Structure formats: structure tokens, C-alpha cells
Amino acid sequence: MKAEEYKNMVKRYFDALNSKNLDALDELFEKDYVSHENPPRPDGIGVEQFKKFMSDFYSSYPDGHFTVEEILVDGNAVVVRWRCDATHTGPTPSLHIPATGKKIVIIGCTVEHVRNGKFYDEWGYWDQSALLEQLGVLSPT
């Protein structure tokens, strides 16, 4: 695949997230893809696990909207710098945070690896401390 095809895959990925069409991810991710996120979170295995993670995210932030800021391609690796704007209107069970009603911005970067026309391995980094500060759970330093 060429760089433009990889960029189009990323655009389709974020379009699926923004439209909450999580089943569209089946076309973009290998069934047993691995997601490595900020430690100490364990690796996610499989597209179904990722769809559950995103479904849970949207239960806490139903208006969440992702914006792709930059895409870089090197070989079979695609680097995506993104942001997510959302309002925390539902509880966040994984962090035991009740809904705050606060508007938040999450900044992140994801490295996707492509094989046979699908994402098979992902390394994601996002500023969890800034999110907790915005929600009022962590004091700014």
C-alpha cells in the first residue's frame, strides 16, 4: 500500500469513531490486533476489546469528537497526532469518577502498524494526567 492509502485508512478509522459506527472497525483492524496503551493499562487484544473500550468511552463522553491533527507514514507505520473534545456527562467506571459535566480535551498520538491492508498493532499515548486535572480529580502542578 502507498502512503495515501494508509492516510485514507486513518481517516476512515476516525470517521468511524466520530460516527460511533464501531462495526466499521472490523474492516480496518485485524481480528486479533494488539493495542498497547499508556502503562499500567494492560494490552488490549482483539478488535472486539477495542470496540468495547470505545463504547465505554462514549457512555462517559457521548459527544466525544476526534480530530486528526497530523498523519505521518514511514514504511508500514502510520503515526497519528489527534485530539478529542468531549463533555463528561456519564460516569467513568474504570476510574470511579462520577459525571462532572466538564468539557475536556484529550491530546494523543497513536502509532498504527499495517499488514495485509489492516491495522494489526497499535501504540497509543495520551495525556491521562491532563484529563484527570480537567475533571478535577488531580490538582494541577
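The values are calculated or read from the model by the stated rules, or taken from the named source; none is laboratory data. Everything quoted here is computed from the prediction, not taken from an experiment. Cβ coordinates were reconstructed from backbone atoms using ideal geometry, including for glycine residues, and neighbour counts include every protein chain displayed.
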With the condition kept exactly as written, say whether any residue in the range 74-91 is in contact with a Pro (Cβ under 9 Å, 6 or more places away or on another chain) and in a strand (DSSP E or B).
yes
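Yes/no matrix, rows are residues, columns are (1) touching a Cys at 6+ places or on another chain (Cβ under 7 Å); (2) closer than 14 Å to residue 17 by Cβ; (3) touching a residue at least 60 places away in the same chain (Cβ under 8 Å); (4) of a type in the set (A, V, I, L, M, F, W, C):
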{"residue": "44", "(1), (2), (3), (4)": "no, no, no, no"}
{"residue": "50", "(1), (2), (3), (4)": "no, yes, no, yes"}
{"residue": "53", "(1), (2), (3), (4)": "no, yes, no, yes"}
{"residue": "56", "(1), (2), (3), (4)": "no, yes, no, no"}
{"residue": "66", "(1), (2), (3), (4)": "yes, yes, no, yes"}
{"residue": "69", "(1), (2), (3), (4)": "no, no, no, no"}
{"residue": "72", "(1), (2), (3), (4)": "no, no, no, yes"}
{"residue": "77", "(1), (2), (3), (4)": "no, no, no, yes"}
{"residue": "83", "(1), (2), (3), (4)": "no, yes, no, no"}
For the range 52-92, name all the residues that are in contact with a Phe, Trp or Tyr (Cβ under 9 Å, 6 or more places away or on another chain) and charged (D, E, K, R).
69, 70, 83, 85
Does at least one position in the range 35-46 carry a residue that is under 16 Å from residue 109 (Cα atoms) and either modelled with pLDDT of 95 or more or assigned to a strand (DSSP E or B) (or both)?
yes
Pick from the range 74-96 the residues that are touching a Gly at 6+ places or on another chain (Cβ under 9 Å) and surrounded by fewer than 17 Cβ atoms within 10 Å (Cβ to Cβ): which of them is farthest from residue 122 (Cα to Cα)?
89
